[in-house]
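Each remark here refers to the structure printed beneath this line.
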Amino acid sequence: MTDVEPHPGSPIDEDPTLRDQNEYLYFLRRAFDGMLGALEDLGDDVGNVRPPLPGANSAYAIAYHCVGVADYWIGHVVAGREVDRDRAAEFTATGSAYELRRKVDALFQRLATDLESVTQTALPHNTPPAEFEGPDRPLSVRGVQLHVLEELAQHHGHIQITRDLLTRGARS
């Protein structure tokens, strides 16, 4: 068996820390792009409608909440950046998919900067308040990153289900 030389510029050529950061951000972006795609499918009017279920949130509010999740957990908990977050208000947020896509793009610029100087096995700079829903044990930076990915994947599915609930009558 022979060793295969990597293509120049391929992820295998990157510094391992940079490669890990880029791969992580790639999967976060996939989750956000899926959420935003479903929101765009709904259009701004329907994207801000809550499905007729107890405790349900609009697709926009769920995606907006995910911006808050990623910004807080990576920016504040991992990197120590100040983040002004009103978690409760995230679930009543309304707006356009275009505006939210711009917020997500700005978020990714912050997250790339936040992750530049951290090591996955290190401890985060901050501990989240006990009232925030999240893991019930201390986490490394890698653990916090996995928690954020867990939340985004879960909420991506919620948005897809919300889209399906809100459009099922239109497809009948």
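The values are calculated or read from the model by the stated rules, or taken from the named source; none is laboratory data. These numbers come from a predicted model, not from an experiment. So basically every Cβ, Gly included, is an ideal-geometry build from the backbone, and we count neighbours across all protein chains shown. Only protein heavy atoms, including side chains, enter the accessible area calculation; ligands, DNA and RNA are left aside. Shrake-Rupley method; radii C 1.70, N 1.55, O 1.52, S 1.80 Å.
Structure data summary
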quantity	calculated
Pick from region 10-34, criterion part of a loop (DSSP other than H, G, I, E, B) and either charged (D, E, K, R) or open to solvent by 70 Å² or more (accessible area, probe 1.4 Å) (or both), ranking: modelled with the lowest pLDDT	14
Identity of the residue in region 85-113, in a loop (DSSP other than H, G, I, E, B) and free of Cβ contacts under 8 Å to residues at least 24 places away in the same chain, that ends up surrounded by the fewest Cβ atoms within 10 Å (Cβ to Cβ)	86
Among the candidates 110, 142, 163, 168, residue that is closer than 28 Å to residue 45 by Cα and at pLDDT 90 or above	163
Residue count, region 115-172 (criterion: open to solvent by 60 Å² or more (accessible area, probe 1.4 Å) and touching a His at 6+ places or on another chain (Cβ under 7 Å))	0
Subset of region 35-71 that is open to solvent by 10 Å² or more (accessible area, probe 1.4 Å) and small (Gly, Ala, Ser) - its residue that is farthest from residue 95 (Cα to Cα)	55
Hey, residue 149 over 16 Å from residue 37 (Cβ atoms), part of a helix (DSSP H, G or I) and over 17 Å from the mean Cα position of the chain (by Cα) or not	no
Residue in region 117-125 that is closer than 20 Å to residue 26 by Cβ and either β-branched (Val, Ile, Thr) or modelled with pLDDT of 95 or more (or both) present	yes
Residues located in region 114-165, provided they are acidic (Asp, Glu), within 28 Å of residue 49 (Cβ to Cβ) and without any contact (Cβ under 8 Å) to a residue 40 or more places away in the chain	133, 150, 164
Residues that are charged (D, E, K, R) and outside any loop (DSSP other than H, G, I, E, B), drawn from region 35-59	40, 41, 44, 45
